[in-house]
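Note sheet for the following structure.
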Amino acid sequence: MHYLFQIYHFLGKKYDSCFIAIELTHSPLHLRKARVLVFIHLFLIAIGVAFWVANSLYPSVDSPSAFIGVATGLMLTFIFKRFGNFWISGNLLAFVLFLLFLEAVFATGGLYSDNLLWMMATPLTALLFANPRSGMVWLGMLVGVTFYLYFLDYQSPGHFKSQTEDLDGLYYLITYSGLFIMLIGIVLIFATGQSMIIKALDAKQKELSKQKLELTRQKEALMEAELKLKAINKELEHFAYSASHDLKEPLRMIGSYVSLIKRKFGTELDASTVEYMGFITDGVSRMEKMLNDLLQYSRLGRSNEQLRDHDINDTLLVVMRNLMAAMETTNTAIYSNQLPVLHASSVEMVQLFQNLISNSIKFRRPEIPPVIGITYHDDTDRHRFMIMDNGIGIPEKSKETVFNIFEKLHSIQEYEGSGIGLATCKKIVNNMGGKIWVEPEKTDGTTFVFTLPKKPKANQNQPDLQHQG
C-alpha cells in the first residue's frame with residue numbers, strides 16, 4: 001500500500017507539471033479546479049480519438065470529425081498550460097461546448113431536441129471555471145437561443161398555427177428557459193456560498209499564519225532574552241562571589257588595626273574615641289556577616305552536592321539543633337505534622353527551613369514566647385508547606401518586596417540582619433521549580449507558604465533565571 005501511494009503521488013506530480021501552470025499549484029483550491037479542467041480537456045481529446053477509431057473501423061458510420069475534436073482538446077490544453085488563466089480557459093471551453101451542442105440541436109429537432117438540455121453545460125462550465133458573471137452571460141445566450149428556436153418553429157413552413165401546436169411550443173419554451181434559469185441559479189447560490197466559505201477559510205488561514213509567524217518571532221525573542229538573562233545572572237553571581245570574597249580581607253585588616261589601637265592606646269583614649277571605635281568594630285562585624293550571607297547566596301544552585309531523597313523531619317531536627325540557643329533564650333515552641341521525603345539538596349533544605357524559622361524567632365512580639373507551626377499538605381502535583389508564627393507580622397504593602405535581596409523593613413537598631421535570608425529562601429524554592437509567598441491574614445503573626453513540585457526540575461542544580469533584588 002505504501003508503494004502504491006508513492007506511485008500515485010509521483011504520477012500526480014507528473015500530471016500537474018505536464019498540464020498545469022506552475023503558479024496554479026501553490027493554492028490547493030486552484031490546483032483542484034485546474035485538475036478538473038484539464039481532465040475535461042483530455043476527455044474531449046479521448047472522445048476525438050474514439051471517433052477517429054470508429055471512422056477507421058466503420059467508414060459508413062456518420063460521426064463528427066475526429067480531427068476537429070482532437071485539435072480542439074489539444075488547443076484548449078495548450079492554452080491553459082501556457083496562460084494558466086481560468087477566465088480564458090473556462091470561456092473557451094464554454095464556447096466549444098456551445099458550438100458542439102448547438103449543431104446537434106439544429107440537427108435533431110430544434111426546440112424539441114433533447115440536445116438542448118445538454119447545452120446547459122455551457123453556462124455551468126463558465127460559472128464553475130471562469131466566474132459567475134461569465135456564467136450569467138452564457139445563460140443569457142442559452143435562453144436567447146431557446147427563444148430563437150421557438151421563433152423558427154413558429155415561423156416554419158407548413159405550420160398550421162393550431163392552438164395545440166402553439167401551446168406545445170410555448171410549453172417547451174417556458175420549460176427549458178425556466179429549467180435553465182433555475183438550475184444555474186441553484187448552482188450559482190452554492191458556488192457563491194462555497195466561495196464565501198473558501199474566502200473566509202483563506203482569511204483565517206492567513207491570520208493564523210501571521211499569528212504563527214508572530215509567535216515564532218516572540219519565541220526567538222524570548223530565547224534571545226533568556227540567553228542574555230543567563231549571561232547577566234552568571235555575571236552577577238560572579239560579581240557577588242568576587243565582591244563578598246575579596247572584600248573580606250580589607251575588613252579583616254580594619255578590624256585588626258582597630259584591635260591593635262585599642263591594645264596600644266587603650267588607657268590613653270577618651271570615651272568618645274572608644275565609642276567611635278566601637279562603632280567601627282560593630283560596622284566591620286555587620287559588614288563581614290553581610291558578606292558571608294552574600295557569598296552563601298551567590299553559591300545557591302551551584303553546589304556539586306548529589307541530589308537525593310531527604311526526610312524533611314530529619315531536616316527539621318537539624319535546624320532545631322542549630323537554633324537551640326535562640327530557642328531556649330526566647331522560650332520558642334515549634335509544632336509540626338508529619339513532613340514528606342523530598343528529592344533535594346540537604347544543605348539547601350536546612351538553609352530554607354532555618355531561615356524561615358529564625359525569621360519567626362527574630363521578629364517575635366515583646367514578652368510573648370514565639371510559637372511556630374509547620375504544616376504540610378499533599379496536593380495533587382506539588383508539596384505545600386505553611387510556616388505560621390505569632391510574631392509582629394509583615395505589612396500588607398511589603399508582602400511582595402520582603403523577598404527582595406537586602407530588603408529590610410526595620411532599622412538595624414530594632415532588628416539586626418543583612419536582609420538576605422528571605423531572598424535566599426526564594427532563590428532555593430525557585431530553583432526547585434516552586435513558589436513562595438506571604439499568606440494574607442487578618443490575625444497577628446506571619447504565615448509563609450511555599451510549594452515544591454513533586455517532579456523535580458530537570459535543571460534543579462542550575463541557578464534561577466529570575467534576577468533577585
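The values are calculated or read from the model by the stated rules, or taken from the named source; none is laboratory data. The shown structure was predicted, so the numbers you read here are calculated from the model rather than taken from an experiment. Counting neighbours? That spans all protein chains shown, and the Cβs are built from the backbone with ideal geometry, glycine included.
When you check residue 66 against the structure, is it over 54 Å from the mean Cα position of the chain (by Cα), within 27 Å of residue 142 (Cα to Cα) and either modelled with pLDDT of 90 or more or surrounded by 13 or more Cβ atoms within 10 Å (Cβ to Cβ) (or both), yes or no? Yes. If you go through region 14-25 and keep only what is in a helix (DSSP H, G or I) and under 21 Å from residue 94 (Cβ atoms), you end up with 19, 24. Among the residues making up region 121-146, those that are surrounded by fewer than 24 Cβ atoms within 10 Å (Cβ to Cβ), under 52 Å from the mean Cα position of the chain (by Cα) and without any contact (Cβ under 8 Å) to a residue 40 or more places away in the chain are 121, 133, 137, 140. Of the residues 24, 76, which is in the same structural domain as residue 180 (by TED's automatic domain parsing), more than 30 Å from residue 178 (Cα to Cα), at pLDDT below 85 and touching a helix residue (DSSP H, G or I) at 6+ places or on another chain (Cβ under 7 Å)? Result of the check over 24, 76: 24.
The residue of region 384-408 that is surrounded by the most Cβ atoms within 10 Å (Cβ to Cβ), among those that are within 14 Å of residue 362 (Cα to Cα) and modelled with pLDDT of 80 or more, is 389.
Residue count for region 111-120 under the criterion of being surrounded by 20 or more Cβ atoms within 10 Å (Cβ to Cβ) and out of contact with any Gly (no Cβ under 9 Å at 6 or more places or on another chain): the result is 2.
Tell me yes or no: at least one residue of region 429-438 is within 17 Å of residue 397 (Cα to Cα), over 30 Å from the mean Cα position of the chain (by Cα) and either assigned by TED's automatic domain parsing to the domain that holds residue 365 or at pLDDT below 85 (or both). Yes, because at least one residue in region 429-438 is within 17 Å of residue 397 (Cα to Cα), over 30 Å from the mean Cα position of the chain (by Cα) and either assigned by TED's automatic domain parsing to the domain that holds residue 365 or at pLDDT below 85 (or both). For region 315-330, the condition holds for no residue, the condition being that it is among the hydroxyl-bearing types (Ser, Thr, Tyr), surrounded by 12 or more Cβ atoms within 10 Å (Cβ to Cβ) and in contact with a strand residue (DSSP E or B) (Cβ under 7 Å, 6 or more places away or on another chain). Out of 166, 202, one residue alone is at pLDDT below 70 and either part of a helix (DSSP H, G or I) or closer than 26 Å to residue 27 by Cβ (or both). It is 166. Filtering 144, 135, 185 for residues that are at pLDDT below 80 and of a type in the set (Gly, Ala, Ser) leaves a single hit, 185. Within region 349-359, restricting attention to residues that are modelled with pLDDT under 90 and in contact with a Ser or Thr (Cβ under 7 Å, 6 or more places away or on another chain), the residue that is farthest from residue 327 (Cα to Cα) is 349.
Against the condition modelled with pLDDT of 90 or more, over 38 Å from the mean Cα position of the chain (by Cα) and part of a loop (DSSP other than H, G, I, E, B), how does residue 339 come out, does it pass?
yes
Within the option set 411, 418, being modelled with pLDDT under 75, surrounded by 18 or more Cβ atoms within 10 Å (Cβ to Cβ), assigned to a loop (DSSP other than H, G, I, E, B) and at negative phi holds for one residue only, 418.
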